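> I have a structure I would like to understand better, so I am pasting it below and will then ask my questions one at a time.
The values are calculated or read from the model by the stated rules, or taken from the named source; none is laboratory data. None of the values given here were measured: they were computed from a predicted structure. Neighbour counts are summed over all protein chains in view; Cβ atoms, including those assigned to glycine, are modelled from backbone coordinates with ideal geometry. Each accessible area value is taken on the protein alone, full model and side chains, heavy atoms only, with ligands, DNA and RNA left out. Shrake-Rupley method; radii C 1.70, N 1.55, O 1.52, S 1.80 Å.
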Amino acid sequence: MKGTLTTDYGCFSVDNQGFVEGSANAGLGNQGLFEKDFDLASFQISRFSHCALSDLTADRNRLILKPGEVKAVTLSQINLLGEATELKLPDSSVTFESSAPNIVSVNPGGGLSVSPEVERNQEAEITVSYHNGGDEPVVTQIDVQVIIEEDHKDTDENAYGDLIDKYQSAIIERWDWSRLIENEMGYDQMQSDSLPDDYGFVLTDINRNGQDEMIIGQNFDNGRIFLAEIYALVNGEPERVYVGGLRRSAKIFNEAQILIHDSSGGFSYQTSMLFQLNTGSSMDFRRGYINVDGKDVYEIINPDDPYAEQSRGEELTSGQELEFFDDLGEYLDFTFSLFAEDQ
């Protein structure tokens with residue numbers, strides 16, 4: 001038996017000293033055969049890091065889990081050059097701490113375990129620290145919400161009843177565009193003077209806070225859907241949190257992640273921004289990018305004014321653009337019930 005140290009990732013060098021991430025392995029090591037190496041009975045016993053980071057990020061800064069559920073944390077490290085790579089766990093330079101270990105415990109490898117004994121909705125905060133030797137540690141937080149499915153109370157149509165009746169009247173009575181604007185109904189830049197007959201809704205709890213959201217849109221014959229509006233309950237009252245449009249579309253993914261694509265006139269600017277509908281029913285910006293003139297792509301720094309030059313961050317390559325939202329999984333599909341089904 002023998003041990004080996006392997007350099008998995010080189011960060012930088014100072015005064016002929018290399019700073020790397022690596023692995024310590026135990027076993028027989030590599031045996032050469034026809035100029036090829038094979039690992040024989042070799043296994044990793046630890047990882048170590050000595051890389052200075054500018055930031056540490058979690059792919060999910062908010063997790064919604066159930067009692068007894070187990071989830072692995074995925075981290076990305078951003079070095080001093082702004083380059084992002086996955087941080088492989090366990091790592092001796094990374095520590096985890098749970099604010100409520102009796103609810104959500106975490107092991108050194110970033111594995112989260114929710115207690116099966118949780119009897120009501122609970123929350124915990126996981127603090128992740130990356131230790132750079134003598135430097136201050138780089139820290140990020142992961143919010144974990146534990147939801148009891150049995151305690152989930154589907155919001156019946158009473159909470160949205162008046163609003164549903166209002167949309168029904170608007171469709172049947174053919175409210176004109178000015179009246180729709182006055183009542184803050186409908187999507188931007190509608191292609192007709194009134195709401196379409198196939199305008200519908202579905203009630204579902206996408207952020208799993210125990211209250212339904214009302215998703216409004218249209219189902220088309222080709223199987224595609226259009227998300228026109230999203231309402232959430234704020235202090236028990238419906239509040240519109242998203243409005244679609246002729247040049248704006250959205251898709252909803254798991255964990256209440258909402259990806260919104262928007263373009264300006266002439267399509268000289270196109271933005272893609274990821275938001276999350278939190279348990280307080282606010283739309284929190286996560287990340288996004290802007291495509292200028294169909295060629296230059298930049299990360300969005302300020303979602304309130306993404307078209308301003310000072311709101312543009314790092315320039316992205318075409319490969320980075322394609323991978324920017326590739327971990328969202330499948331988007332949610334909806335079958336809408338017509339507001340005016342008898343019309």
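> Could you count how many residues in segment 268-283 are touching a Leu at 6+ places or on another chain (Cβ under 9 Å) and farther than 17 Å from residue 244 by Cα?
So the count comes out to 1.
> Conditions: (1) open to solvent by less than 20 Å² (accessible area, probe 1.4 Å); (2) free of Cβ contacts under 8 Å to residues at least 60 places away in the same chain; (3) out of contact with any Phe, Trp or Tyr (no Cβ under 6 Å at 6 or more places or on another chain). Residue 277 meets all but one. Number of the miss?
Among (1) open to solvent by less than 20 Å² (accessible area, probe 1.4 Å); (2) free of Cβ contacts under 8 Å to residues at least 60 places away in the same chain; (3) out of contact with any Phe, Trp or Tyr (no Cβ under 6 Å at 6 or more places or on another chain), the lone unmet condition for residue 277 is (2).
> Shifting gears a bit: Mind checking which pairs have a first residue in segment 80-92 that is over 29 Å from residue 313 (Cα atoms) and a second that is open to solvent by 80 Å² or more (accessible area, probe 1.4 Å) and modelled with pLDDT of 85 or more, Cβ under 7 Å, 6 or more apart or different chains?
90/108
> Mind listing whichever residues of segment 173-183 are surrounded by 16 or more Cβ atoms within 10 Å (Cβ to Cβ) and not in a helix (DSSP H, G or I)?
175, the sole residue that qualifies.
> If the Cβ limit is 9 Å and pairs must be 6+ apart or interchain, which residue in segment 151-172 that is closer than 18 Å to residue 196 by Cβ and open to solvent by less than 80 Å² (accessible area, probe 1.4 Å) pairs with which residue that is assigned to a helix (DSSP H, G or I) and modelled with pLDDT under 95?
164/157; 170/179; 170/180
> Kindly indicate whether any position in segment 246-262 is of a type in the set (Ser, Thr, Tyr) and open to solvent by less than 40 Å² (accessible area, probe 1.4 Å).
No, there is no match, as no residue in segment 246-262 is of a type in the set (Ser, Thr, Tyr) and open to solvent by less than 40 Å² (accessible area, probe 1.4 Å).
> Being under 15 Å from residue 335 (Cβ atoms), crowded, with 21+ Cβ neighbours inside 10 Å and more than 23 Å from the chain's Cα centre (by Cα) narrows it down to one residue among 186, 200; which is it? Steps first, answer last, please.
Numbers: 186 fails: under 15 Å from residue 335 (Cβ atoms).
Just a single option satisfies the conditions, and that option is 200.
> I need the full set of residues from segment 121-132 which are of a type outside the set (Asp, Glu), within 27 Å of residue 53 (Cβ to Cβ) and either part of a strand (DSSP E or B) or open to solvent by 30 Å² or more (accessible area, probe 1.4 Å) (or both), in order please.
Residues satisfying the conditions are 124, 126, 127, 128, 129, 130, 131.
> Of the conditions (1) out of contact with any helix residue (DSSP H, G or I) (no Cβ under 9 Å at 6 or more places or on another chain); (2) modelled with pLDDT of 80 or more, residue 152 fails just one. Which one is it?
Status for residue 152: all satisfied but (2).
> I'd like the full set of residues that are more than 13 Å from residue 91 (Cα to Cα) and not in a strand (DSSP E or B), limited to segment 104-120.
115, 116, 117, 118, 119, 120 - these are the residues of segment 104-120 that are more than 13 Å from residue 91 (Cα to Cα) and not in a strand (DSSP E or B).
> While we're on this one: Check residue 239 against each of (1) without any contact (Cβ under 8 Å) to a residue 60 or more places away in the chain; (2) in contact with a helix residue (DSSP H, G or I) (Cβ under 9 Å, 6 or more places away or on another chain) and name the one condition it does not meet.
(2)
> Return the residue satisfying two criteria in turn: it lies in segment 133-148 and is over 23 Å from residue 114 (Cβ atoms) and modelled with pLDDT of 85 or more, and of such residues it is surrounded by the fewest Cβ atoms within 10 Å (Cβ to Cβ).
137
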